Amino acid sequence: MPILNTLAETQNAVITDDAFGERVLLKPRHRGRIDPERADREIVGVLRTGPDKNSNLAGGLAQSWRATLASGVSEIAFDQHRYPDLDMRQGDELVALERPGTPWFKVEIRADRGAPRLVFELSEAAGVGSV
């Protein structure tokens with residue numbers, strides 16, 4: 001059964017990326033500077049963003065409910081089979097090319113145990129320089 005599960009997961013990843021994926025620009029970094037050994041690369045992944053640091057959920061006029069959310073936490077998932085040579089590392093930056101204002105994100109954690117998906121946890125980045 002593992003082969004069938006992997007096949008179904010792979011097909012699901014392709015369908016998900018085609019439906020919900022967006023273009024992002026990977027900007028490799030090494031110790032906070034441009035990494036000369038790796039070139040910028042445009043890729044497609046499913047980017048999920050959490051509320052920004054200024055988000056505040058409170059219960060209307062009565063203030064009868066509240067919600068606590070982790071602010072600024074985002075993640076991006078890629079199809080491992082579409083990008084077998086993807087070399088994304090902690091500290092690299094991503095630019096969301098299709099979002100208003102082209103926000104920048106910094107790669108924090110790689111979780112590669114969810115085959116066929118590569119999932120990276122992101123934080124907000126300053127977005128220095130041009131895209």
State whether one or more residues within segment 2-16 are within 16 Å of the chain's Cα centre (by Cα), at pLDDT below 55 and over 19 Å from ALA126 (Cβ atoms). yes
Pairing a residue in segment 100-113 that is modelled with pLDDT of 90 or more with any residue that is part of a loop (DSSP other than H, G, I, E, B) and among the polar types (S, T, N, Q), where Cβ atoms lie under 6 Å and the two sit 6 or more apart in sequence or on different chains, gives VAL107/GLN90
Single residue of segment 93-119 satisfying the filter (in a strand (DSSP E or B) and open to solvent by 70 Å² or more (accessible area, probe 1.4 Å)) that is nearest to LYS27 (Cα to Cα): LYS106
Hits in segment 19-53 - residues which are in a loop (DSSP other than H, G, I, E, B) and open to solvent by 20 Å² or more (accessible area, probe 1.4 Å): GLY21, ARG31, GLY32, PRO36, GLU37, ARG38, ALA39, ASP40, GLY50, PRO51, ASP52, LYS53
Please work out which residue is nearest to the chain's Cα centre (by Cα), limiting yourself to segment 77-92 and to residues that are assigned to a loop (DSSP other than H, G, I, E, B), of a type in the set (D, E, K, R) and within 20 Å of ARG48 (Cβ to Cβ). ASP92
Return a yes/no flag: does segment 55-64 have any residue that is modelled with pLDDT of 90 or more, outside any strand (DSSP E or B) and in contact with a Lys or Arg (Cβ under 9 Å, 6 or more places away or on another chain). no
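The values are calculated or read from the model by the stated rules, or taken from the named source; none is laboratory data. Remember, predicted model here, so these are calculated numbers, not experimental data. Backbone-built Cβ (ideal geometry, glycine too); neighbour counts: all protein chains shown. Side chains included, ligands, DNA and RNA excluded: accessible areas come from the protein's heavy atoms. Shrake-Rupley method; radii C 1.70, N 1.55, O 1.52, S 1.80 Å.
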